Amino acid sequence: MYNFDITRPTTVDEAVAALSADEAQPLSGGQTLIPTLKQRLAMPSVLVSLTAIDEMKGITEGPGTLKVGGGTTHGDVAQATKGSFAGLHTLASKIGDPAVRARGTIGGSVANNDPAACYPSACMACAATIHTNTRDIAADDFFQGMFTTALDEGEIVTAVTLKVPEKSSYQKFEQPASRFPLVGVFVAKHADGVRVGVTGASNNGVFRWAEAEEALSSNFSPDAIEGLSVSAEDLMGDLHGSPEYRAHLIKVMTKRGVADAS
Amino acid sequence: MTIAFGNPDRPNSYIGKTVPRPNAERLVQGRGRYVDDIVLPRMVHVAFARSPVAHARITGIDLEAAKAVKGVLRLFTGADLAEICTPWVGVLAHLKGLKSPPQHALAVDRAAWVGEPVVAVVATTRAAAEEAASLVMVDYDDLPVVTDTMTALDPETPLIHPDLGDNLAFRRLHEEGDVEAAKAGAHKVVSARFRTARHTGVTLEPRSILVDWNPAEEQMTAYHATQAPHMMQTVFAEHLAIPEGRVRVICDDVGGSYGIKVHVYPDEVATAAIAKVMGRPVKFIADRLESFTTDIHARDHEIEAKIAVDEDGKILAIDVDDWTGIGPYSVYPRTSAIEGNQVVNLCGGPYDFANYRAQTTVVFQNKTPTCQYRAVGHPIAVAITEGLVDLAAAAIGMDPVEIRRRNMYADDAYPVTSPAKMRFEGLSHHASMDKLMELMDYDALRADQVAARKQGKHRGIGIASFIELTNPSPFMYGIGGARISAQDGCTVRMDPDGSVVAMSGVTEQGQGTEAMLSQIVAEGVGVSPSRVRIITGDTQVTPYGGGTWASRGAGIGGEAALQAGRALRDSILEVAAAMLQADQSGLDIRDGQIVDADTGIERMPLEELGRIVYFRGDTLPKGLPRELVQTRHYITSEYPFAFTNGVQASYLEVDTDTGVVTLLKHWCVEDCGRIINPQLVDEQIRGGIVQGLGGALFEEIHYDQDGQLLNGSMADYLVPMAGEMPDMVVGHVETPTAESELGAKGAGEAGTAGAPAAVMNAINDALRPMGAQVTEMPFTPERILRALSKIQD
């Protein structure tokens, strides 16, 4: 780890101001950033901690929606969605381990947009709106590829509003050591159709599996996608799974998600 | 007087019982003393700049930026250390033809694997040393890289060591009978290509060493996490030009070793050399990346193998062609040829057959050097043998248990010599198989498998019989010229309060050596184990010995401890007889009391005897021996190795959609001879099984074609974790070795030896109705799906 300064603003405005400093870096739960710093893979001059900003914390239910503050931990999301939002509950309660869930936040997850992060798949499948200190961005527009989002420099994710589906399921095929998804599929059945968000699999980050959404919207059953296949082109390949394996798993996990949600 | 092991109610009956581990509470309280816990006055830290490339000429080293870091004291290049530290060559005379070039503590002129230490940086803190190491600028002029084992000897492959003439480190062919004729006349010949992946040991405590040089005494003291303190004493003395008697190696608590910590590592020798130059304590603790790139690797084998059987399933021939790539140097002093040699020695081990041919080819590569790791060669040989036997059974439609029963050496066939020329004193393959069948309820499990199949669940049962080489004699290393002791010793003394101190040449790495020794000494002398203190791991204090490896601690060190304990008992009784004016043969020691042997009536506590001997010796008869210290040594002499045997079984389920294997249950019945501490043996078996399961399902070191290690972290090198482990049932058959009074053979490696083969056979049992088969470890979900043709490129 290199030396750095740290500030802990208590309002979004203060945080935005602090982030204007040269080589400043926002720090949320730190479950990705701190290990990165420890390995000297980044050397920010200032860390702007977002964890003391009360207005970014908490969960509020709206009509058919759930608004989650950017600074809300995975553990709090898991707690709040128990029995009411199956897919999101599963997703949040299986990120990392209890220590990770006590620190990591939804805002940090979507802002970082790790191609193997869980939350982006839920955002895609639940037609989420990403709120920042300056604007609202639809999930479909927000995630722009591996570690790339629509966020501008110094822009902070203050909250995420998800459309609560009628039925949902999150199916994660875990990398055995990190427990990150090798493939994670979020299946959400909304009144106006089915959305399928896929994470962990693509070189372009999280994506929606359009053919499956179409097939499932007319017939929400595993059989509906039996004839479909996912192209391995542009999928990730690493020591734990080739693009072809990931393509295969996307279909398997989607079918399991549909069966689980049905 | 002999010990009535068969009578559990005999006096002082500690051998054969689970007794508390004397060091457990201390370790659980965090009061262990590992090398990194030791802080000495004036201590400094060393970090290493390591080669980032697999093969390159070193054309320039710029140390200026590194020197400028605050806290940096001194930097050493390979040339600097070569002036005070001689290079070594990892060959053994009895491994004919084995060759390897001289290896230096730090690379001189040339680096030959990613991670090889090039420059040592000494600083007042570890952080400063690491900071400076990252600023060491080395000019590397790339040389051709050799990474593939199977093409290493091809004429167009560049030579790693042009002076050696080729990339062949070692080759051994063993032939017995007429394999070709047997195959030609066989009912079936089945062949398969096996692969075991490159592993490493992943000890919780990384390699650690702290070396001090006292110029006034011209004495070196090395605090070292090692399995072989006396071997390291010799190494430091020889290569740093110090009289052996002026090197002291102290090995306190060690956080796991598995064979990783029994080798000579360049960075550790460099640390010792630097301590001698600087005249102050120098500490080196490997970090996790260094562990992955510099701890020895193992098991990187590719094998073509065949088995020939007749209509009745009788094995007619086994034919094995084994290849392994070992890195650029054969590791000193045990060499990197032993693993391949073991494959030749061990294939076909449980079976009575006539025609055997096995060749191992050991080639150099630009990867981390490989060497002995838990169960050296066994998991490979067992996978080959048991894989072939199952394939043969399937080919002739025979139950896998039945084909084994028809071929295993009969339990009354011993002594016997195998086709590999291994001599077996007494094994129990059939009794072990009987016990396994009973424990696992084989027939019920087969019924469950059928029922599950009807529900679309693909379950499999895998059996793996095995032999394990333990208690090695000098035939393992000594005859090859290595100063590695096969003998071990124990000194036992009684102090005035009647308590007993035992000093042993075998060492504790967390496996319970000290518990095992304490109960043997307790029974040998006649006191409670709580009255025995064990001292291990100090070359200046304990008797000379080999340390702990090749499952020798209990069998060799235990016998020495028993004999020393009984000798002390005799000395005590001689004094007691004089004090009590009794016949010595009529006295015994029980639970710390001198008693009448016949009646058990207490005559005198040991404290009283101690008081008289140490403080009122004037009252004893003049000339009465009063040596309350006794030392005994033990070495095997009848057999080169004490072989053990056993059989494992795995029950698992394969998810044919994802390829995931779920381990449902695992069994192991083993025969390590006399069991000294049932709990410790079971722990060894279970832990060994876990490491074997890791090899079967998870562990694989990956390199790219440039020799870059691709998974040097715990996030990418998959070790087995508790959540994935099945329940394990461990059973025992006891066939004590007649070579020692104790009768103990080794138990440390049996679990690792058999588990991968059991899992492989179980997976293939599950996949067989679908016409699929896997033989390349680890059996990752993707490999299983590819075998099922569910994914294609």
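Structure notes:
- In this structure segment A:56-163 gives 39 Å² per residue of accessible area when probed at 1.4 Å with all protein chains present.
- Legend: residues B:782, B:176, B:64, sorted from most to least accessible area (1.4 Å probe; ligands, DNA and RNA excluded), read B:64, B:176, B:782.
- Normalised by residue number, the volume inside the convex hull of the Cα atoms of segment A:56-163 is 90 Å³ per residue.
- Treating r as the C-beta distance of residue B:217 and residue B:776 and R0 as 51 Å, the FRET efficiency rounds to 0.40.
- Packing rank of B:205-217, B:160-172, where each peptide gets the mean count of other beta carbons within 10 Å, highest leading: B:205-217, B:160-172
- Of the residues in segment A:218-262, those shielded by at least 50 Å² of accessible area once partner protein chains are present, compared with the chain alone at a 1.4 Å probe, are A:239, A:240, A:244, A:245, A:248, A:256.
- Karplus (6.51, -1.76, 1.60) ³J(HN,Hα), θ = phi - 60°, over segment B:308-325, in Hz, Gly and Pro reported as x: 10, 10, 8, 4, 8, x, 6, 6, 9, 7, 10, 9, 10, 10, 10, 10, 8, x
- Dipole in debye (nearest 20) - the protein assembly as shown, about Cα centre, beta carbon charges: Lys, Arg +1; Asp, Glu -1: 1120
- Projecting the Cα positions of A:133, A:178, A:158 onto the charge dipole of chain A (unit charges on Cβ atoms of Lys, Arg, Asp and Glu, taken about the Cα centre) puts A:178 furthest along the positive direction.
- Looking at segment A:163-262, none of the trypsin sites (Lys or Arg not before Pro) sits in a DSSP loop with at most 10 other Cβ atoms within 10 Å of its own Cβ.
- Across peptide B:696-705, the mean count of Cβ atoms from other chains lying within 10 Å of each residue's own Cβ comes to 1.
- Cα gyration tensor category, rounded, prolate or oblate, for segment B:13-123 with a/c compared to 1.5: oblate
- Legend: calculated FRET efficiency, residue B:26 to residue A:55, from the Cβ-Cβ distance at R0 = 60 Å, rounded to 0.05, equals 0.75.
- Protein-protein interface of segment B:651-673, residues with accessible area decrease of at least 30 Å², isolated chain reference, 1.4 Å probe: B:657, B:658
- Between the residues B:543, B:575, B:705, the greatest Cα displacement towards the positive end of the dipole of chain B, with unit charges on the Cβ of Lys, Arg, Asp and Glu, is found for B:575.
- Electrostatic tally near residue B:713: other residues with Cβ closer than 11 Å to its Cβ, Lys and Arg +1, Asp and Glu -1, net -1.
- Comparing each chain alone with all protein chains together (probe 1.4 Å, DNA, RNA and ligands left out), the residues of segment A:171-188 losing at least 20 Å² of accessible area are A:173, A:176, A:177, A:179.
- Antiparallel content of DSSP bridges confined to chain B, in %, to 5: 80
- Semi-axes of the equivalent ellipsoid for segment B:692-773, Cα gyration tensor, largest first, Å: 32, 21, 13
- Segment B:386-436-segment B:614-663 distance, computed between alpha-carbon centres (Å): 26
- Net charge dipole size for segment B:68-129 [Lys, Arg +1 and Asp, Glu -1 on Cβ; Debye, nearest 20]: 160
- Signed unit charges on C-beta, dipole axis of segment A:56-163, positive-most listed residue A:83, A:106, A:148: A:83
- Three-way shape call for the protein assembly as shown based on the alpha-carbon gyration tensor, with the a/c threshold at 1.5: prolate
- Rounded to the nearest 20 debye, the dipole size of segment A:53-103 about its Cα centre is 160 debye, using +1 on the Cβ of Lys and Arg and -1 on the Cβ of Asp and Glu.
- Buried accessible area, chains A and B (both chains, 1.4 Å probe, Å² to nearest 100): 1500
- Stretching residue B:412 away from residue B:39 to a fully extended chain increases their span by 128.6 nm, per 0.36 nm per residue minus the current alpha-carbon distance.
- Cα centroids of segment B:512-531 and segment A:130-181: 61 Å apart.
- Amide H contacts of residue A:190: A:166, A:195, each under 5 Å away and 5 or more positions distant or on a separate chain (H built 1.01 Å from N in the peptide plane; Pro and chain starts excluded).
- Comparing A:86, A:139, A:99 in a Gaussian network model of chain A where C-alpha atoms under 10 Å apart are linked, the largest mean-square fluctuation is found at A:99.
- Scanning residues 5 or more positions from residue B:468 or on other chains, those with amide H under 5 Å from its amide H are B:644, B:645, with H placed 1.01 Å from N in the peptide plane.
- Our analysis of segment A:167-261 gives Rg over Rh at 0.96, with the two radii drawn from alpha carbon positions and Rh computed by the Kirkwood formula.
- The protein assembly as shown: antiparallel DSSP beta bridges as a percent of all, rounded to 5: 80
- Alpha-carbon centroid distance for the pair segment A:72-93 / segment B:3-57, whole angstrom: 43
- ³J(HN,Hα), Karplus 6.51/-1.76/1.60, whole Hz, each residue of segment B:617-631, x for Gly, Pro: x, 5, 8, 8, x, 4, x, 5, x, 9, 8, 8, 10, 9, 10
- Residue pairs, from the table B:70/B:283; A:167/B:790; B:261/B:283, whose Cα atoms sit over 21 Å apart: A:167/B:790
- The fraction of accessible area contributed by carbon and sulfur in the protein assembly as shown is 49 percent, rounded to a whole number (1.4 Å probe; ligands and nucleic acids excluded).
- Solution diffusion estimate, µm²/s, Stokes-Einstein, segment A:1-129, Kirkwood Rh from C-alpha pairs, 10 °C, viscosity 1.306 mPa s: 103
- Each Lys or Arg adds one and each Asp or Glu subtracts one; over the other residues with Cβ under 15 Å from the Cβ of residue B:286, this totals -3.
- Ranked from largest, the principal axis spans of the Cα set of chain A equal 55, 44, 31 Å.
- Table column - 3J(HN,Hα) (Hz), segment A:186-201, Karplus curve with 6.51, -1.76, 1.60, x for Gly and Pro: 10, 9, 10, 9, 9, 4, 9, x, 9, 10, 10, x, 10, 10, x, 10
- Per-residue mean of C-beta atoms belonging to partner chains within 10 Å, peptide B:780-792: 4
- For segment B:138-202, the Kirkwood hydrodynamic radius from C-alpha pairs, put into Stokes-Einstein at 10 °C and a viscosity of 1.306 mPa s, yields a diffusion coefficient of 96 µm² per second.
- Under-5 Å amide H pairs with residue B:332, H placed in peptide plane, nonlocal only: B:264
- Under 13 Å, Cβ to Cβ, from residue A:34 - net charge with Lys/Arg +1 and Asp/Glu -1: +3
- Gyration tensor (alpha-carbon) shape descriptor, chain B, a/c threshold 1.5: oblate
The values are calculated or read from the model by the stated rules, or taken from the named source; none is laboratory data. These numbers were taken from a predicted model, which means no experiment stands behind them. Heads up, the Cβs are rebuilt from the backbone with ideal geometry, glycines too, and the neighbour counts pull from every protein chain shown. To get the accessible areas, we keep the full protein, side chains included, count just its heavy atoms, and leave off ligands, DNA and RNA. Shrake-Rupley method; radii C 1.70, N 1.55, O 1.52, S 1.80 Å.
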